[in-house]
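Report on the structure given below.
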Amino acid sequence: MSPVSSDERTKIMSMHHQGIENTQIAAKLELPLRTVGSVVAWEKIRNRPTVQTTPEESEEVETAIEATFGLERDMQSALRKNIEQLEKGLKIADDGKEHIVPSGRIDILAVDSKKGHVVIELKAGTADRDAVGQILSYIGDLQANGRRAIRGILVAADFTGRVIAASKAVPNVELRKYGFTFSFQKVKVA
């Protein structure tokens, strides 16, 4: 399943060609900022004359992008169903949908046992240093709206050395690795 429709993709690129920033495009179209960024990046790669790709390679790249979005959506859904597996006492505070702030969409906004807000950002695969900037911008947006006692949790399969170094300088951002546990149930057929 494609993360955006062809109509949304066309609108994103039209606005991008008009010089509109990705954050503004995301807000206008009510799409996650990372979706807009991925569509723009994909279109640039696909239309770049110096980069030659076969149709199979192009399809592989697009499939990888879509799989990343799918994994993040699935992680978000699973975590929302059992938020306490991330930290005891956490409660969802965003009415079950991504919370929109000026710098983007917060994957999950929660409240901890001490009534402090927790910004939870999910990354499929390895998180890079941009993820730390992203979570800090969300925290800054919430602080600008009068919220205090805000911290962040960045969840990813792994973290680059730069993310780990940056997190040492930012005491209100924690790093958590995710793992998979599969369960299998027999399906009854009539």
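Quick note: the coordinates plus some simple rules give every number you see, no bench work behind them. Computed from a predicted structure; not experimentally measured. Counting neighbours? That spans all protein chains shown, and the Cβs are built from the backbone with ideal geometry, glycine included.
Subtract the Cα-Cα distance of Lys177 and Asp7 from 0.36 nm times their separation in residues, and report this length gain in nm to one decimal. Write out the running numbers ahead of the final one.
Numbers: separation 170, 0.36 × 170 = 61.20 nm, distance 3.55 nm.
The Lys177-Asp7 span can extend by a further 57.6 nm.
Can you tally the net charge around Ala149? Count Lys and Arg as +1, Asp and Glu as -1, for every other residue whose Cβ sits under 12 Å from the Cβ of Ala149.
Working: positive: Lys114, Lys115, Arg147, Arg148, Arg151; negative: Asp112.
So the surrounding residues net to +4.
Under a Cβ-Cβ cut-off of 15 Å, what is the net charge of the residues other than Val118 that fall near it, where Lys and Arg count +1 and Asp and Glu count -1? Numbers along the way, then the final one.
Numbers: positive: Arg80, Lys88, Lys91, Lys114, Lys115, Arg147, Arg148, Arg151, Arg176; negative: Glu84, Glu87, Asp94, Glu98, Asp107, Asp112, Glu121, Asp141, Glu174.
After counting each charged neighbour, the total is 0.
Taking 0.36 nm per residue of sequence separation and subtracting the Cα-Cα distance, how much length would be gained by fully extending the chain between Ile164 and Arg129, in nm to one decimal?
Details: separation 35, 0.36 × 35 = 12.60 nm, distance 0.86 nm.
Extending this stretch completely gives an extra 11.7 nm.
Net charge near His99: determine it from the other residues with C-beta under 9 Å of the C-beta of His99, scoring Lys and Arg +1 and Asp and Glu -1.
On the way: positive: Lys97, Arg105; negative: Asp94, Asp95, Glu98, Asp107.
Cβ neighbours under 9 Å give a net charge of -2.
Stretched out fully, how many nm does the piece from Glu30 to Arg80 gain, at 0.36 nm a residue minus the Cα gap? Intermediate values should be presented prior to the final figure.
On the way: separation 50, 0.36 × 50 = 18.00 nm, distance 2.06 nm.
That pair, Glu30 and Arg80, stretches by 15.9 nm at full extension.
Which pairs, out of Lys11/Lys177; Lys81/Lys115; Lys123/Lys188; Lys123/Lys168; Lys11/Lys115; Lys91/Lys186, put more than 28 Å between their alpha-carbon atoms? Intermediate values should be presented prior to the final figure.
Details: Lys11/Lys177 35 Å; Lys81/Lys115 20 Å; Lys123/Lys188 35 Å; Lys123/Lys168 19 Å; Lys11/Lys115 40 Å; Lys91/Lys186 32 Å.
Those over the limit are Lys11/Lys177; Lys123/Lys188; Lys11/Lys115; Lys91/Lys186.
Charges on Cβ only, +1 for Lys and Arg, -1 for Asp and Glu, centred on the Cα centroid of the range 101-151; of Val101, Gln143, Val132, which one is farthest towards the dipole's positive end?
Result: Gln143, furthest along the dipole toward the positive end.
Pop the C-beta distance of Ala41 and Ser14 into the FRET formula with R0 = 22 Å and round what comes out to the nearest 0.05. Don't skip to the answer; put the middle values down first.
Numbers: r = 16 Å, r/R0 = 0.74.
Once the sixth-power term is evaluated, E becomes 0.85.
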